[in-house]
Amino acid sequence: MKIELAIRLQMSNTSKKYFFKSNRQLIYGIALVIIIPMLVVINSLFLIKRFNKTLTLEQHRQAVLIGQITESFIVEELDSPGTLQTIVEKTIARNSELTDFYISQFSGNEFITIAAVDKERIGTPENGTAAFFAIQSKQSVARRIADSSGQYWEVHYPIIDDARNVIALLTMKFSTEAIDAETSNLIFQSFIILAVIILVIILLLASNTRLFQYAILYRRLQEIDKLKDDFISMASHELRTPITGLRNYFSMLLEGSFGKLTKKTKESIEMMQGNANRLNNLVEDLLNVSRLQQGRMPIQPSNFNVISLLHEVIDSLRATAKEKHVSLTFESIDKKISVFADQNRMRQVLVNIIGNALKYTEKGSVTLFVSSEKGSAVIKIKDTGIGISPESQTHLFEKFYRVINNRTQNIVGTGLGLWITKEILGLMSGKIYIDSIENTGTQVTMTLPLAKPLDKRK
Ligand code: ADP
């Protein structure tokens, strides 16, 4: 209950953080849908603005050009309004964007229109502010106007005589309709491109949803896996103490510490002791797994004689071999092969591998060989047991893997021994290989680095 509560609390506390952490791809996806279209919009607006500005400048330039070209004729024809009227009409006919054009001449103290597209304007005074500025500054003045007749540019171009007096004023109006139509067209096109981009991104995201789901699932599995490891580690620690207590009591009972036992009671207690030992092995294996997975397996390597260790392990297993009527022998030419490893861990490994050889051998022998080759000590454990099929051999070093068949179903084990052995050997720069022929026997080969010389001086 406590554990469940702790897990729930942990999950709710970290759920927000977890969501952002584990859904990174999803958040990137949403950011893409927002950022890319935003960049496209900014880029389009910028380009449209520049395009508009360029066109406007071009129109202004056109107005000045018309003024410059017509200036000389106009100066010459100021006294013949009929000719000027023809110039105005011809100019307007040639420029489709030019919607209005009139010429005002200085007479008395004001500028009076003497030629105009709109003939009704002829004879009226020019009193617009922009015109006034153009006359005052003696420079062309342009301004953008929007009224009921549409949007246009109005340009006032002063004509100056040799004495730098403004003698006449040209006023032109250019329609911006074409530019505006072009700009709206561009905006429309960029919106279409934008819509297509958003659609493509959404389609991409949709097709990747499965990938996101897998990523989320993978992270969840990792977290559950960690919770499971933590639980196993804690449960094994908690189980260890009562199991040790039980084993001690069984030993004391069998030794007669609480009085003499009948044959039947002794047999029952022995059976219970066997089960308690099995439980103890399982708990020890689980503890080793969690230590190895969390990188907490203590390894204290030193130089030691592996042959002595092999003798010691064989002696401890001799009773088991005798019980099974399996011969247990050790062959070695050398008397001493020093290796650099953790002696206690190596004892654990050897007990496991030689124990397996005895466990999975119904009759025959288990033989050990040791030699030193190319900087390594090579230990071989060969048995004449049930062997392992080629298919099963590929799974041997997987956690909890056990070969299940008629001959193994009554043999107890956890399927953790080989995984633990391989991991521990790896931590000591050692290796393990298994060769086996089903119904013939198995040979396990292990290597360990030879001892490091304490003093390199000869
Ligand atoms: P277990 O606790 O089941 O023995 P191990 O990890 O030590 O777990 O071994 C995994 C499996 O490999 C065993 O279940 C057994 O089927 C097979 N195996 C290991 N050693 C031998 C052997 N010497 N001969 C035949 N089979 C073996």
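The values are calculated or read from the model by the stated rules, or taken from the named source; none is laboratory data. Quick caveat: nothing in here was measured; it's all calculated off a predicted structure. Glycine gets a Cβ as well: all are built from the backbone with ideal geometry, and neighbour counts include every protein chain shown.
Got a sec? Which of I66, I36 is aliphatic (A, V, I, L, M), surrounded by 12 or more Cβ atoms within 10 Å (Cβ to Cβ), within 24 Å of the chain's Cα centre (by Cα) and modelled with pLDDT of 70 or more? Spell out the reasoning first.
On the way: I66 fails: within 24 Å of the chain's Cα centre (by Cα).
Answer to the selection: I36.
From (1) more than 9 Å from the ligand (Cβ to nearest atom); (2) closer than 28 Å to I307 by Cα; (3) of a type outside the set (A, V, I, L, M, F, W, C), pick out the condition that doesn't hold for S389. With respect to (1) more than 9 Å from the ligand (Cβ to nearest atom); (2) closer than 28 Å to I307 by Cα; (3) of a type outside the set (A, V, I, L, M, F, W, C), S389 is out only on (2). If you go through the range 350-364 one residue at a time, do you hit one that is in a strand (DSSP E or B) and among the β-branched types (V, I, T)? For the range 350-364, residues in a strand (DSSP E or B) and among the β-branched types (V, I, T): absent. Taking the numbered list (1) out of contact with any Asp or Glu (no Cβ under 7 Å at 6 or more places or on another chain); (2) under 15 Å from I434 (Cα atoms); (3) away from the ligand (no atom under 11 Å from the Cβ) in turn, I337 passes all entries but (2). Answer yes if at least one residue in the range 133-150 is out of contact with any strand residue (DSSP E or B) (no Cβ under 6 Å at 6 or more places or on another chain) and within 15 Å of N52 (Cβ to Cβ), and no otherwise. For the range 133-150, residues out of contact with any strand residue (DSSP E or B) (no Cβ under 6 Å at 6 or more places or on another chain) and within 15 Å of N52 (Cβ to Cβ): present. Of all residues in the range 148-167, those satisfying the criterion of being of a type in the set (A, V, I, L, M) and within 22 Å of R94 (Cα to Cα) are V155, I159. Among the residues of the range 351-372, those identified as touching a residue at least 40 places away in the same chain (Cβ under 8 Å) and away from the ligand (no atom under 13 Å from the Cβ) are V370, S372. Pairs linking a residue in the range 207-225 that is touching a residue at least 24 places away in the same chain (Cβ under 8 Å) and under 24 Å from K399 (Cβ atoms) to a residue that is assigned to a helix (DSSP H, G or I) and of a type in the set (S, T, N, Q), with Cβ atoms under 8 Å and 6 or more positions apart or on different chains, are R219/S22; R220/S22.
Yes or no: L328 surrounded by 13 or more Cβ atoms within 10 Å (Cβ to Cβ), within 16 Å of V378 (Cβ to Cβ), at pLDDT 95 or above and of a type outside the set (V, I, T)? So L328 does not fit the description; no. In this structure, does A146 turn out to be over 20 Å from Q68 (Cβ atoms), out of contact with any helix residue (DSSP H, G or I) (no Cβ under 8 Å at 6 or more places or on another chain) and part of a helix (DSSP H, G or I)? So A146 does not fit the description; no. When you check Q294 against the structure, is it out of contact with any Pro (no Cβ under 6 Å at 6 or more places or on another chain), without any contact (Cβ under 8 Å) to a residue 60 or more places away in the chain and farther than 16 Å from I432 by Cβ, yes or no? For Q294, the condition - out of contact with any Pro (no Cβ under 6 Å at 6 or more places or on another chain), without any contact (Cβ under 8 Å) to a residue 60 or more places away in the chain and farther than 16 Å from I432 by Cβ - is not met.
The condition of being under 26 Å from the mean Cα position of the chain (by Cα), surrounded by 11 or more Cβ atoms within 10 Å (Cβ to Cβ), among the charged types (D, E, K, R) and part of a helix (DSSP H, G or I) holds for only one of E223, E270, that being E223. Pairing each residue of the range 394-414 that is over 25 Å from S290 (Cβ atoms) and part of a loop (DSSP other than H, G, I, E, B) with any residue that is within 8 Å of the ligand (Cβ to nearest atom) and among the hydroxyl-bearing types (S, T, Y), provided the two are 6+ apart or on different chains, yields C-beta distances under 8 Å for T408/Y360.
Against the conditions (1) touching a Leu at 6+ places or on another chain (Cβ under 8 Å); (2) at pLDDT 90 or above, S233 satisfies every one except (2).
One residue stands out in the range 373-384 among those that are more than 16 Å from the ligand (Cβ to nearest atom), surrounded by fewer than 22 Cβ atoms within 10 Å (Cβ to Cβ) and not in a loop (DSSP other than H, G, I, E, B): the one that is modelled with the lowest pLDDT, namely E373.
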